[in-house]
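The values are calculated or read from the model by the stated rules, or taken from the named source; none is laboratory data. As the structure is a prediction and not an experimental result, all values here were calculated from the model. Backbone-built Cβ (ideal geometry, glycine too); neighbour counts: all protein chains shown.
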């Protein structure tokens, strides 16, 4: 849903804000991209998973996703 909303100029800003909130929530919870998040981002959401994986590695480098 976020992927589609980011492609529409009328919903792009809201979708990007929601995406950032979601990614920050996952970071605070230390949710690992490869185990906890992967299932939630099936389909066209690969871009979001890649972005989250980068954020996770940057914030929790000693527990980086494998």
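Considering only residues in segment 41-59 that are closer than 15 Å to residue 1 by Cβ and surrounded by 15 or more Cβ atoms within 10 Å (Cβ to Cβ), the one that is modelled with the lowest pLDDT turns out to be 41. Just to be sure before I move on: is residue 38 loosely packed, with under 12 Cβ neighbours inside 10 Å, at pLDDT below 85 and assigned to a helix (DSSP H, G or I) in the structure I sent? Answer is no for this residue.
The single condition among (1) modelled with pLDDT of 75 or more; (2) part of a helix (DSSP H, G or I) that residue 31 does not meet is (2). The C-beta contact set for segment 14-25 (first residue closer than 14 Å to residue 56 by Cβ, second residue surrounded by 15 or more Cβ atoms within 10 Å (Cβ to Cβ), distance under 6 angstrom, 6+ apart or interchain) comprises 23/52; 23/55.
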